[in-house]
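Some notes on the structure that comes next.
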Amino acid sequence: MNGPMKRRFVDQILVMFGREPKKPAEISPKAQEIHLYKKGNRDFIAEKLHARAHAEPSHTWRNRRWITLLLANLLFVVSYWFDVQILEGALTASRFIGFHLIDLNSALQVMLAHKHVIVNLFIGTGTVLVLWILLGGRTFCSWVCPYHLLAEWAEKLHLFLVKKKLVTDQTMDRRLRSVFWLVFAVLAAATGYTVYEAISPTGILSRALIYGPGLALLWVLALLVFEVFFSRRAWCRYACPIGLTYGVVGIVSPLRIMYRLDACFHEGDCRKVCLVPHVLDTVIKGRAIDTEVPIGPDCTRCGLCVDACPTGSLKFDVKGLSKLM
Amino acid sequence: MSESPDNKIAEKPPISRERRQQARRKVLRTILLTGGVMGAALSGFLPLAYAQRSRLRPPGALDEKDFLSSCIKCGQCVQVCPVQAIKLADLVDGFGVGVPYIDARAQACDFSCDAVQCILACPTGALVYHKPEFLSVRSGAQLKAKPILKAKEKDAEPTLNLKERIGVARLTRPEACLAIQGKGFKGQARGAGFKGHMRYMAVDRWKPIRVADHPYDVPECDLCVSECPVKNAISIETVFGPDGRQRKSPVVHEPCVGCGVCEMICPVESAAIEIVPREVWRT
């Protein structure tokens, strides 16, 4: 990693904690060249073709992701209802053919509240930590979390209402999520209760799927209503401490989305579909610091931008794999 | 997103009144969401505060506060229980959302798993065989000896790996007790519609059946004693009533672990014998 890339790496971590992205101070000569070239040479034919390509949106990654998410959650349900014992438990903690898996944020809450870590808790947390380091951190959000799927559908409804000019997206300060993370950590340690677990829509939904619905679903419903009529993807964007925990894991993950500057038309459709558009700040005209820029740790690796981009400027990438092959 | 007034503004272009107003609204909305989420989180305290009845927890549960702090709410204990005695609490139970409990009258823990499987399943140590050193054991909660499971009495290892009781059975309505009245009992213990299950050694050691499918016919009611899964935990004794007259009565002894089978099987409505959750043995 060169100097500017290192600075961007740190910068993206700060952006995850809630700072607004800034214009880069330094851009590599090669990238600068492309930026300049694009300014002076507009290819109108290519732009037309590009616009046409946009007219037929792809849903490849979205479909793959939805299938994965549904299968993962169904595996929990099936394991219990048909007693096949493949994935026992719920998303907070489970056993995959006997191996303990424990959700990182839930584990953290329990450790802080109980102040004692037994071997199984340690093993399960470690396994999941390694798993999500390999798979990309917030990949958990978009590929596994059941609330994410409901929120995606609620978002569709919200965007429809926005188009009809019936509602507007009320944005909030993203630093709130970091504050919540801290507050819930302190609350767990101070009160000895896993306070967050009581309102975690991920936990509530997972248990409702496996053990049957309960009144707690009302809270999830309230969140969805809030997101539809008031603020787009509010829970995932501004509140969920689980997302931040997995985001921190994603800092060191080799799996990420890679941005390639040369083919990009900078019209920003990727930013429109993104749950965390601040990570795609680099696709704005003149912002990319290099010809290839990895997207930061707050990215959920959902692939919506990959689907949205007809030029292949945004693609899944595993660090080091392209060099190996 | 408030700007510090003097030095920063000099660097940035001045913000229009509209932009400033937008920024102010954003701060307000953020505070609103904060209040909403924190309110929801803390409203969980209320039901806990006015909870009148303490709940029976699964075997091996730590003391209530430690139990609530260590339970990760995954329901693995629910999944391994062969009679589905363990349920997960709902929203109205406050911080108990997703925390396991046993409603003994509806379905008691009859140890038909033979080995307290729920403890084995617990990934966080909210249910434990051995309490960690730094947690104290309330006096009277500790069992004098490992309980002997009647069903395993002939096995090489007849005991349950359980060190503390989860409650103690108590004759809460002696006036209703059939044994005290000297009455017998004939029929389904809890009626035809009762969904509770129990393991009957005479029927099948590994397959619990519905209590409704196992009718009784006893000249003197002793269901709480005959169905108690733990050896020497309860017996019918001859006692002297307050009027000085001799009569029979169920008497609970020290080995009682508080599993709740007596409460479930008691044929009178409502049960004459009940589990007092987290009660300790008093001599």
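The values are calculated or read from the model by the stated rules, or taken from the named source; none is laboratory data. Just so you know, these numbers come straight off a predicted model, no measurement behind them. Neighbour counts run over all protein chains shown; Cβ positions are idealised from the backbone, glycine included.
Residues are listed down the side, and each one gets a yes or a no for (1) farther than 29 Å from residue B:76 by Cα; (2) within 14 Å of another protein chain (Cβ to nearest Cβ); (3) buried (at least 17 other Cβ atoms within 10 Å of the Cβ):
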| position | (1), (2), (3) |
| --- | --- |
| A:140 | no, no, yes |
| A:148 | no, no, yes |
| A:153 | yes, no, no |
| A:164 | yes, no, no |
| A:183 | no, yes, yes |
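Does any residue in the stretch B:150-173 that is under 24 Å from residue B:202 (Cβ atoms) and touching a residue at least 40 places away in the same chain (Cβ under 8 Å) come within less than 9 Å, Cβ to Cβ, of a residue that is of a type in the set (Phe, Trp, Tyr) and buried (at least 17 other Cβ atoms within 10 Å of the Cβ) six or more places away or on a different chain, and which pairs are these?
Once the first residue is under 24 Å from residue B:202 (Cβ atoms) and touching a residue at least 40 places away in the same chain (Cβ under 8 Å) and sits in the stretch B:150-173, its partners that are of a type in the set (Phe, Trp, Tyr) and buried (at least 17 other Cβ atoms within 10 Å of the Cβ) give B:151/B:111; B:160/B:111.
In the list B:82, B:59, which residue meets the criterion of being over 21 Å from residue B:41 (Cβ atoms), in contact (Cβ under 8 Å) with a residue 12 or more places away in the chain, more than 9 Å from chain A (Cβ to nearest Cβ) and crowded, with 23+ Cβ neighbours inside 10 Å?
Being over 21 Å from residue B:41 (Cβ atoms), in contact (Cβ under 8 Å) with a residue 12 or more places away in the chain, more than 9 Å from chain A (Cβ to nearest Cβ) and crowded, with 23+ Cβ neighbours inside 10 Å holds for just one of B:82, B:59, which is B:59.
If you take the residues in the stretch A:10-27 that are in contact (Cβ under 8 Å) with a residue 24 or more places away in the chain and basic (Lys, Arg), which one is surrounded by the fewest Cβ atoms within 10 Å (Cβ to Cβ)?
Among those that are in contact (Cβ under 8 Å) with a residue 24 or more places away in the chain and basic (Lys, Arg), it is A:23.
Take the residues in the stretch B:266-283 that are surrounded by fewer than 24 Cβ atoms within 10 Å (Cβ to Cβ) and of a type in the set (Val, Ile, Thr); name whichever of them is farthest from residue B:64 (Cα to Cα).
Per the stated criteria, the residue is B:268.
Do we have any residue at all in the stretch B:128-151 that's within 14 Å of another protein chain (Cβ to nearest Cβ) and crowded, with 19+ Cβ neighbours inside 10 Å?
From the stretch B:128-151, those within 14 Å of another protein chain (Cβ to nearest Cβ) are B:128-136; that's our starting set.
Subsequent filtering for residues that are crowded, with 19+ Cβ neighbours inside 10 Å retains B:128.
Scanning the stretch B:128-151 turns up at least one residue that is within 14 Å of another protein chain (Cβ to nearest Cβ) and crowded, with 19+ Cβ neighbours inside 10 Å.
Among (1) more than 30 Å from residue A:245 (Cα to Cα); (2) out of contact with any Lys or Arg (no Cβ under 8 Å at 6 or more places or on another chain); (3) in a helix (DSSP H, G or I), which single condition is residue A:38 missing?
(2)
Tally the residues that are more than 9 Å from chain B (Cβ to nearest Cβ), outside any strand (DSSP E or B) and aliphatic (A, V, I, L, M), restricting the search to the stretch A:69-110.
13
Please list, ordered by first then second residue, the pairs with beta carbon atoms under 6 Å, 6 or more apart or interchain, first in the stretch B:31-44 and facing chain A (nearest Cβ under 9 Å), second part of a helix (DSSP H, G or I).
Once the first residue is facing chain A (nearest Cβ under 9 Å) and sits in the stretch B:31-44, its partners that are part of a helix (DSSP H, G or I) give B:37/A:239; B:40/A:199; B:41/A:195; B:41/A:199; B:44/A:198; B:44/B:94; B:44/B:95.
May I ask you to say which residue of A:202, A:194 is within 14 Å of chain B (Cβ to nearest Cβ), over 19 Å from the mean Cα position of the chain (by Cα), polar (S, T, N, Q) and buried (at least 18 other Cβ atoms within 10 Å of the Cβ)? If you could, list the steps in order and put the result at the bottom.
Numbers: A:202 fails: over 19 Å from the mean Cα position of the chain (by Cα).
Sole residue among the options that is within 14 Å of chain B (Cβ to nearest Cβ), over 19 Å from the mean Cα position of the chain (by Cα), polar (S, T, N, Q) and buried (at least 18 other Cβ atoms within 10 Å of the Cβ): A:194.
Only one residue in B:195, B:231 is surrounded by 14 or more Cβ atoms within 10 Å (Cβ to Cβ) and among the basic types (Lys, Arg). Which one?
It is B:231.
Of all residues in the stretch B:66-97, count the ones that are farther than 22 Å from residue A:99 by Cβ and either under 13 Å from the mean Cα position of the chain (by Cα) or not β-branched (Val, Ile, Thr) (or both).
Going through the stretch B:66-97, the residues farther than 22 Å from residue A:99 by Cβ turn out to be B:66-69, B:82-97.
From what's left, either under 13 Å from the mean Cα position of the chain (by Cα) or not β-branched (Val, Ile, Thr) (or both): B:66-69, B:82, B:84-91, B:93-96.
Total meeting the criteria: 17.
For (1) at pLDDT below 95; (2) touching a helix residue (DSSP H, G or I) at 6+ places or on another chain (Cβ under 7 Å); (3) of a type in the set (D, E, K, R); (4) not in a loop (DSSP other than H, G, I, E, B), each residue gets a yes or a no:
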site: A:215; (1), (2), (3), (4): yes, yes, no, no
site: A:219; (1), (2), (3), (4): yes, yes, no, yes
site: A:225; (1), (2), (3), (4): no, no, no, yes
site: A:228; (1), (2), (3), (4): no, yes, no, yes
site: A:231; (1), (2), (3), (4): yes, no, no, no
site: A:236; (1), (2), (3), (4): no, yes, no, yes
site: A:244; (1), (2), (3), (4): no, yes, no, yes
site: A:248; (1), (2), (3), (4): no, no, no, yes
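If a residue counts only when it is at pLDDT 80 or above, which helices (runs of 4 or more DSSP H) contained entirely in the stretch B:1-79 have at least 3 such residues?
Output list reads B:17-43, B:64-70.
Kindly indicate whether any position in the stretch A:210-230 is surrounded by 23 or more Cβ atoms within 10 Å (Cβ to Cβ), more than 22 Å from the chain's Cα centre (by Cα) and at the interface with another protein chain (Cβ under 9 Å from one of its Cβ atoms).
Among the residues of the stretch A:210-230, at least one is surrounded by 23 or more Cβ atoms within 10 Å (Cβ to Cβ), more than 22 Å from the chain's Cα centre (by Cα) and at the interface with another protein chain (Cβ under 9 Å from one of its Cβ atoms), which makes the answer yes.
Name, by its number, the condition in (1) in a loop (DSSP other than H, G, I, E, B); (2) within 18 Å of residue A:72 (Cβ to Cβ) that does not hold for residue A:170.
So the condition that residue A:170 fails would be (2).
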